[in-house]
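The values are calculated or read from the model by the stated rules, or taken from the named source; none is laboratory data. Every value quoted in this text rests on a predicted model; they were computed, and no experiment measured them. Reconstructed Cβ throughout: ideal geometry from the backbone, glycine too, with neighbour counts over all protein chains shown. For the accessible areas, the whole protein counts, side chains as well, though only heavy atoms, and no ligand, DNA or RNA atoms are used. Shrake-Rupley method; radii C 1.70, N 1.55, O 1.52, S 1.80 Å.
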Amino acid sequence: MAAANVPTARAVATSDMAEVREALAEFGAPHVVKDDGLAAGKGVVVTNERDRAEAHARECIEAGGSVVIEEFLEGPEVSLFVITDGERVVPLIPAQDFKRVRDNDQGPNTGGMGAYTPLEWLPEGFTEQVIERVARPVVDELRRRGTPFVGVLYCGLAVTQRGVQVIEFNARFGDPETQSVLAMLESPLGELMLDAARGRLSEDRTLQWKSGASVTVVLAAQNYPGAPRKGDVISGLDQVESVDETHVIHAGTAKNDAGDIVSAGGRVLAVVSHGTDLHEARERGYRGMELISLPGAHYRSDIALAAAEGRITLPTTAEEQA
Ligand code: GLY
């Protein structure tokens, strides 16, 4: 990102506890400590407690790894997926996910407990700005280095006082944001992906999107994001599609010998709904979720609520203050 002049948080990567302590002191609270490796979305600890930040770093380092200590980016988070053929970039629509396990962003981080789109609180021109300041420079830099990237570039962003900043990239779609983004997409996704793979993506392509909004609510197994309880029978799945524009996407499910659908992972399934606005999509999604039963399971009840109620505010930028 430094090479491509892409805005992001200051960060220190280290496997030395003295450097960890120094970086935590320099950046201040809230502390962000990331396991510097794959951790299924659960390697990040964001905390105001210095001891907890140090303990997470020590745990990662003692397990033979290293950590990244980052400056905390204050502001609402946005995920934007960009399809690229290594040269040209075509954005999908921004979505927001909910990483903490409980309502009001309480409890530990998860892989994602829900999502929605569109984000009507974003400033006009947001997607174009992310393309010009983030996605295109990164794709160009990777090509310049002789390691072109073809596929889905997941831009994880925060809208901060200093404008858009990158939190993370993933070389894949995001879960569960994709469930809502694709529920809005009318153009064929396969064609877009094939064009990207064949190096003939056109930036003039206009993707067709449904009007209205989509909400995704994840049903998680008992004890998730810790070791989830598995093997419980899930009932009510067939009834969900009786709710207008609402469907289930399976993730951690399996069939047992008796042919029942049972839980087989932490994030068991997602209920995805569409409506004329976020209120209607939420109402449909939660009505669908209430038809499902899985012993000990839990889900958040506030997915897209703040956005539906117009309670998401953007930090004032230095330019706006002047
Ligand atoms: N929703 C977060 C992720 O897919 O990484």
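For this structure, a couple of remarks:
- Here the Karplus relation 6.51 cos²θ - 1.76 cosθ + 1.60, evaluated at θ = phi - 60°, turns the backbone of segment 212-225 into coupling constants of x, 8, 10, 10, 10, 10, 9, 9, 10, 6, 3, 6, 4, x Hz, with x for every Gly and Pro.
- Working note: Cα gyration tensor of segment 97-243, eigenvalues times five, square-rooted, sorted largest first, giving semi-axes of 31, 20, 17 Å.
- Highest average first, the peptides 269-278, 83-92 ordered by how many other beta carbon atoms sit within 10 Å of their residues are 269-278, 83-92.
- Note that segment 151-190, at 4 °C in a medium of 1.567 mPa s, gets a Stokes-Einstein diffusion coefficient of 111 µm²/s from its Kirkwood radius over C-alpha pairs.
- Counted over segment 81-135 with a bin width of 10 Å, the fraction of Cα pairs per bin, in whole percents, is 20, 37, 32, 10, 0.
- Exposure rank, largest accessible area first [Val20, Val233; 1.4 Å]: Val233, Val20
- Carbon + sulfur, % of accessible area of segment 1-110 - ligands and nucleic acids excluded, 1.4 Å: 44 percent
- Only protein heavy atoms count here; under a 1.4 Å probe, Phe173 has an accessible surface of about 50 Å².
- Where labels lie 7 Å past Cα in the beta-carbon direction, separation of Asp277 and Asn104 in nm: 2.6 nm
- Extent along the principal axes, Cα only, for the chain: 54, 50, 42 Å, with the longest axis given first.
- √(5λ) per eigenvalue of the Cα gyration tensor, segment 36-108, largest first, Å: 28, 19, 11
- Whole-angstrom Cα spans of segment 126-203 along principal axes, big to small: 38, 34, 20
- Taken over the chain, lysine pairs spaced eight or more positions apart, or on distinct chains, with alpha carbons under 26 Å apart number 7.
- Segment 112-155: GluC sites (Glu not before Pro) in DSSP coil with no more than 10 other Cβ atoms inside 10 Å: Glu124
- Within segment 15-52, none of the trypsin sites (Lys or Arg not before Pro) combine a DSSP coil assignment with at most 12 other C-beta atoms in a 10 angstrom radius.
- Shown here is the pair-distance distribution of segment 1-156: with all Cα-Cα distances grouped in 5 Å bins from zero up to the longest one, the shares run 2, 8, 15, 17, 18, 18, 13, 8, 2, 0 percent.
- Long-range amide H partners of Asp36 with built H, under 5 Å: Ser66, Val67, Val68
- In loop segments of segment 159-229 as defined by DSSP, the trypsin sites (Lys or Arg not before Pro) with at most 14 further C-beta atoms inside 10 Å of their C-beta are Arg172, Arg198, Arg200, Arg205, Lys210.
- Protein heavy-atom accessible surface, 1.4 Å probe, per residue over segment 255-322: 50 Å².
- Average accessible surface for segment 40-85: 45 Å² per residue, computed with a 1.4 Å probe over protein heavy atoms with every protein chain in place.
- P(r) weight above 12 Å for segment 181-227, C-alpha pairs, percent: 72 percent
- Take Ser187: with every protein chain present and a 1.4 Å probe, its accessible area is about 20 Å².
- The value obtained for segment 233-322, namely the Cα convex hull volume divided by the number of residues, is 123 Å³ per residue.
- Contact order normalised by residue count of the chain, Cα under 8 Å, 6+ apart, percent: 17 percent
- Segment 61-124 versus segment 271-322: alpha-carbon centroid distance in Å: 15 Å
- Where only DSSP H runs of four or more residues are counted, the chain gives -6500 deg cm²/dmol as its mean residue ellipticity at 222 nm, each run worth -39500 (n - 2.57).
- Summarising the label geometry, the points placed 7 Å from Cα in the beta-carbon direction at Glu74 and Leu189 lie 3.7 nm from one another.
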